[in-house]
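Okay, so here's the structure we're looking at.
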Amino acid sequence: MADKFDYDLFVIGGGSGGVRAARVAASEHGAKVALAEEDRYGGTCVIRGCVPKKLMVFASEYARVPEEAAAYGWDFRPGPFDWHGFKGKLHGELDRLEGIYRKLLDGAGVEMFDQRAVIKDAHTVELSDGTTKRAKHILIATGGAPVRPDLPNADLGIVSDDIFHLEQLPKSMLIIGGGYIACEFACIMNGLGVEVTQYYRGAQVLRGFDEEARGLVAESMRDSGIDLHVGSNIVEMTRVADRKDGPQPTASDASMGASTLDASAASDDGDVAPNRSGPIWVKSTNGGEKVFDTVLFATGRNPSTKDMGLEDVGVKLGRRGEIVVNEYSQTDVPSIYAIGDVTDRVNLTPVAIREGMAFVQTVFGGEPTPVDHELIPSAIFTQPEMGTVGMSEEDARDAEEVEIYCTSFKPMQTSFAGASDRVLMKLVVSKETRVVLGCHIVAPNAGELIQMVGIAVKAGLTKEQFDATCAVHPTMSEELVTMRNPTRTT
Ligand code: NDP
C-alpha cells in the first residue's frame, strides 16, 4: 500500500453489505480495511429489519396454534401474549448478533470506528471526532431510513424502527402504506392481538407484484381480521388530548367502531399503557374519523445520504437522494463505490451482500464483476407468505405471449382444522420458448419454497423440465410440477 493512504479500503456503514465487503476484502485479499458505523453493527437487517421482524412473525403465528391443534386432538389453552418477555428475548438476540458482527470484523483485522463518517474528498473521510483518514478506496454502505409523509403532526406516528421498542403493545393500530413493511406488520400486529386498520392509497396492496397473488394476500389479510381499506389515505392527525375543544369523533362517525372509543377511554383511565404519543385522532381521505392508540407510517424508505458531503466531492445523487452507480457499484468519483439500499437498486439484504462481494472481486480480486440483478427471488412475510421470482403475469403478458398455469386450493393442514385458508401456486410460461418466466406462491412458508423454485427459474428451465420432475406427495408445492393444462393463454 502506498504510504499516502492509511487504508486500502474505508467502509462507511456496518450493515450486511458493508460488513461483508470489509471482511472479505481484509480476510481474503489481505487489504488494510477500516469501517465506521455511527449506530449498531448489523444495520437495518439485523437490528431493525429482517431479523427482529421475522422473530415477530414467528411470535404472531403462535396465536393460531391452539385452535388448529384442537382439530388434531391437542388441548392447548390460549393465553395472553407477553410482549415484555418476548421483547427482552428479542433484544438479547439482537445484542448477540451484533456481537457476532463485531467479532467477525475484528477477526478479519478490520479496524472499527464507532462514529459517523463523512466524505471530505475522493480519498478522505472525516470521523465525528474530527480525525481524518485516507483510503485508496471508499465504500459507502449507509443503507436507508423510513420516511414519514409530508403531513402536519406526522411525528405523532411511529415508523418500523420504533416497533421493536414499543413500551407496550397498543390496543389499536393504524398502518399507512401497502408495501412490504405495511403488510407484514399488519399481519404481525393482528396476530399479536392488536386491532389493525390499514389504509393504502392505491387500488391494491403490494403494487408491482403479480395481481392474482397480491389479491389473495389482501383477501387473506381481511379474513384474518385486518381492517384493510384501499383507495384510502390519512389526511389529518392530532392527539385526542389536543382536540378537547374541537369536534370529538363519536361511534356514529362513518368508520369509527366502539372498540376504538374504548381504547381511547381506556387510555385515559390508564388501563392501556401510554404509547409514544397517546391516542391519536385521524381523518381519512374518505372523510371517516377514527381514534387509534398508534399510527405506523410504512410509507417507504429513503437512501441515507444526507449531510455526507457526497455532492461536494462529485458523487452524483438521484431524485430520491440515492447514490448513482454503474454496474460495478462505482460512483462518478472513481475511488468511491456504493452498495446496498443507499443506491436504491434492489433493496434487499442478500442483494446488498452480493453487491459487496462483486465490489471486492472487482477492486481487490482483479476481476471486474458486474452485479447481477436479474431474477431475484423474494418473499413477503405476510400471513400467508408470498414468495415470488421473475415476471408477474401482467408484465409477462405485456412482453410476449404467455401461458398461465395457476391453481388455488385449501391446503390439507389447515383445511382439516376447518380453516378457510387458501394457497396459490402459479407459473408464468413463455409460449414460444416454454421457459418459466415467473413463479408466484402464496402459502405458509412460501419464502422457503420460492428459494428452491428460484434456482430453476434462474437456470431458465422450461415448463416441460418442471413437469419432468417427480412430485413430492403429499405437499402443497407438488402442484408446481403437476399442472398439466394452462389456466389461460394470453
Ligand atoms: P415500499 O416502497 O415497498 O412501500 C411503501 C408504501 O407506502 C407503498 O404502498 C406506497 O404507496 C406507500 N406510500 C408512499 N408514500 C406515501 C404517502 N405519502 N402516503 C401514503 N402512502 C404512501 O416500502 P416499504 O417501506 O414497505 O419497504 C421498503 C423496502 O424495504 C422494500 O421495497 C423492500 O425492498 C425492502 N423490504 C423487504 C422486505 C422483505 O424482503 N420481506 C421486508 C421489508 C422491506 P404506492 O404503492 O402508491 O407508491
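The values are calculated or read from the model by the stated rules, or taken from the named source; none is laboratory data. Predicted, not measured: the structure shown is a model, and the values here were computed from it. For neighbour counting, all protein chains shown are included, and Cβ atoms are generated from backbone atoms with ideal geometry for every residue, glycine included. SASA here: full protein model, heavy atoms, side chains in, ligands and nucleic acids out. Shrake-Rupley method; radii C 1.70, N 1.55, O 1.52, S 1.80 Å.
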Exercise. Which three extents, in whole angstrom, do the alpha-carbon atoms of segment 39-192 cover along their principal axes, largest first?
Worked result: 66, 45, 24
Problem set entry | Within the chain, helix-based [θ] at 222 nm, where runs of 4 or more DSSP H residues each add -39,500 (n - 2.57), nearest 500 | -9000 deg cm²/dmol
Exercise. Which percent of the accessible heavy-atom area of the chain goes to carbon and sulfur, probe 1.4 angstrom?
Worked result: 50 percent
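Count the DSSP beta bridges whose two residues both fall in segment 121-200, then state the antiparallel fraction as a percent rounded to the nearest 5. Mind dumping the intermediate values first?
Values: 4 of 9 bridges.
Rounded to the nearest five, the antiparallel share is 45 percent.
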Seminar exercise, completed: On the formula 1/(1 + (r/R0)^6), with r taken between the Cβ atoms of Phe86 and Asp162 and R0 of 22 Å, the FRET efficiency rounded to 0.05 is 0.85
Exercise. To the nearest 0.05, what FRET efficiency results for Ser335 and Ala471 with a Förster distance of 45 Å applied to their C-beta separation?
Worked result: 0.25
For this session: For Ala399 and Phe76, calculate 0.36 nm times their separation in residues minus their Cα-Cα distance, and state this gained length in nm to one decimal.
Result: 111.1 nm
Problem set entry | Accessible surface, the chain, averaged per residue in Å² (probe 1.4 Å) | 46 Å²
For this session: Set the Förster radius R0 to 35 Å, insert the Cβ-Cβ distance between Gln451 and Ser420 as r into 1/(1 + (r/R0)^6), and round the FRET efficiency to 0.05.
Result: 0.80
For this session: Could you sort 369-379, 119-129 so that the peptide with the highest average Cβ count within 10 Å comes first and the rest follow in order?
Result: 119-129, 369-379
Exercise. So what's the gap between the Cα centers of segment 151-179 and segment 1-45, to the nearest angstrom?
Worked result: 33 Å
Problem set entry | Accessible surface of Asp341 - all protein chains present, 1.4 Å probe, nearest 10 Å² | 40 Å²
For this session: Please figure out what share of the DSSP beta bridges in the chain is antiparallel and state it in percent, rounded to the nearest 5.
Result: 60 percent
Seminar exercise, completed: Residues other than Val360 with Cβ under 13 Å of its Cβ, Lys/Arg counted +1 and Asp/Glu -1, net out at -1
For this session: Consider just the alpha-carbon atoms of the chain and return their Rg together with their Dmax, both in angstrom.
Result: 24.6, 75
For this session: Could you pull out which residues in segment 20-34 have an amide N less than 13 Å from a spot 7 Å beyond the Cα of Glu367, following the Cα-Cβ vector?
Result: none
